[in-house]
1. Give the residue, chosen from 231, 195, that is out of contact with any helix residue (DSSP H, G or I) (no Cβ under 9 Å at 6 or more places or on another chain) and either without any contact (Cβ under 8 Å) to a residue 24 or more places away in the chain or basic (Lys, Arg) (or both).
2. Kindly check whether there is at least one residue in region 361-371 that is touching a Gly at 6+ places or on another chain (Cβ under 9 Å) and among the aromatic types (Phe, Trp, Tyr).
3. Quick one: which helices (runs of 4 or more DSSP H) sit completely within region 209-327 and have at least 3 residues that are at pLDDT 95 or above, open to solvent by less than 50 Å² (accessible area, probe 1.4 Å) and not aliphatic (A, V, I, L, M)?
4. Do you know which residues across region 192-206 are crowded, with 18+ Cβ neighbours inside 10 Å and either farther than 16 Å from residue 260 by Cβ or touching a Cys at 6+ places or on another chain (Cβ under 8 Å) (or both)?
5. When residue 316 is evaluated against the numbered criteria (1) touching a strand residue (DSSP E or B) at 6+ places or on another chain (Cβ under 9 Å); (2) acidic (Asp, Glu); (3) within 28 Å of residue 197 (Cβ to Cβ), which criterion, by number, is the only one it fails?
6. How many residues, within region 360-376, are open to solvent by less than 10 Å² (accessible area, probe 1.4 Å) and over 35 Å from the mean Cα position of the chain (by Cα)?
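The values are calculated or read from the model by the stated rules, or taken from the named source; none is laboratory data. These figures come from a predicted structure and were not determined experimentally. All Cβ positions, glycine included, derive from the backbone under ideal geometry; neighbour counts span all protein chains shown. Calculation scope for accessible area: heavy atoms of the full protein, side chains included, ligands and nucleic acids excluded. Shrake-Rupley method; radii C 1.70, N 1.55, O 1.52, S 1.80 Å.
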Amino acid sequence: MRNRLIFRTALGAFVLAALAVAAQAQVTTIEGRVTLKQADGTEVPVQGAVVDIYRTDVKWKAEVKTNKDGRYTHAGIPLSGTYTLAVSAPGARPDYMAGLRLSQQPRNDFALEAGDGARLTLEQTQLAARPAASAGGGAAASGPSKEEQAKIAAERARVEAENQKIANSNEVVSRTFKTGNAALQAGNFDAAIASYNEGLAAREEVALYANKSEALRQRGVQRFNAAIKLSDATAKQAAIDTAYQDWRDAADAASKAVALAKTQTAATDPAAAANQVQNRLAALSTRAEAMRLVATKVDRSQVDAAMTAFTEYMAESTDPAKKAKAGTDMARMLFDAGAYDRAVAEYRKIIEAEPDNADANLYLGFALFNTGDKAKFQEAANYISAFVAKAPDTNPTKAEAKAILDFLKENENIRPEKVTPARTTGRRRGNN
């Protein structure tokens, strides 16, 4: 009775809104400086120079002007694709850089020479295109040589192939995300997991890993609940082991989601940035819930890892209610895993913030009792009694709480005392 683990089969509703669409485009910020070479060889910044930004693998264009220091910056540029930058300014010869991969080269400086101030079109840069990014006199070329034409054709083919690969992976990720979510909502966990695996084979995504973890966790719960009803001991243990493996796999998938979220470059677009935050929080929350089951049911040596999962989620959550619930879940995880002294410490924090929290009073009392330290039995009785006084008779744990109070009274001659605040620490304790 003292160490009875209560398995919660109720599953919270899975909110898809917490996991943004996985095919969210990545963006970056480009920058650079434009100067003009003087007759004496010095360079001065050019204010008002126009930087035309052409994406050459798809039709897309943007432009930006330099400030008084000759600097330009443009946020929200799609990270994928190949670009050409063309720069023009009054009294300057235009220049360009072609074949740029902005993910690899986000900063590009230009040193212009005196000229007629012409502004290059994309077609003009392509006529004189160089196969690699380089600045200085690009507009002066009379046309590409046969060797350059061959390189241009090869580069174009490579870009088209890469773009097609990206398009294909986008389609797979988007499709499998939707089908997996539909299957998950319908309780068809096998189909959901298969869909998420297909998407992850095309491209790793935080949301796919997190949703896969959720599907594995719920399938494990389903399998565990079915297993404990079996009468044959061998079949029962085999079925339980299968559920345990689901929970291990759920923790692994969620850990991959968290690790991937931590390596992502922060989006500059507000909507994309908000999606990243939502996905990261969902990954952290999913990992904490998976680790709760691993630590309490599968492997109690994972208690520290489970605590880390909960504390990392609470550190990033900005929702007071969700953060408080996570703190309560962590304390209960410690109790269910038999880490009673650590559970006591966490439940004290909860009661310090919520003195009338009935469940916190109950499980603080249970944890103090389950330490087996008789010096803590009086305080255990105090908190358990506080729960009994508040809980309705329909509460399924009330009978167990009364039984422990009877045990303490009959075997230890301990009677409950009123719980009052501690003056020095702000914690609540029993009067002795």
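1. Numbers: 195 fails: out of contact with any helix residue (DSSP H, G or I) (no Cβ under 9 Å at 6 or more places or on another chain).
Selected residue: 231, the only one of 231, 195 that is out of contact with any helix residue (DSSP H, G or I) (no Cβ under 9 Å at 6 or more places or on another chain) and either without any contact (Cβ under 8 Å) to a residue 24 or more places away in the chain or basic (Lys, Arg) (or both).
2. No, region 361-371 has no match at all.
3. Of the helices (runs of 4 or more DSSP H) lying wholly inside region 209-327, those with at least 3 residues that are at pLDDT 95 or above, open to solvent by less than 50 Å² (accessible area, probe 1.4 Å) and not aliphatic (A, V, I, L, M) span 233-263, 270-293.
4. 192, 193, 195
5. Residue 316 satisfies every listed condition except (1).
6. Going through region 360-376 one residue at a time, the tally reaches 3.
Residues checked against (1) under 23 Å from residue 345 (Cα atoms); (2) aliphatic (A, V, I, L, M):
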site	(1), (2)
376	yes, no
380	yes, yes
385	yes, no
388	yes, yes
393	no, no
396	no, no
401	yes, yes
410	no, no
413	no, no
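Listed here are the residues, each with its yes/no results for (1) of a type outside the set (D, E, K, R); (2) in contact with a strand residue (DSSP E or B) (Cβ under 6 Å, 6 or more places away or on another chain); (3) without any contact (Cβ under 8 Å) to a residue 12 or more places away in the chain.
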{"site": "31", "(1), (2), (3)": "no, yes, no"}
{"site": "36", "(1), (2), (3)": "yes, yes, no"}
{"site": "46", "(1), (2), (3)": "yes, yes, no"}
{"site": "57", "(1), (2), (3)": "no, no, no"}
{"site": "62", "(1), (2), (3)": "yes, yes, no"}
{"site": "66", "(1), (2), (3)": "yes, yes, no"}
{"site": "69", "(1), (2), (3)": "no, yes, no"}
{"site": "72", "(1), (2), (3)": "yes, yes, no"}
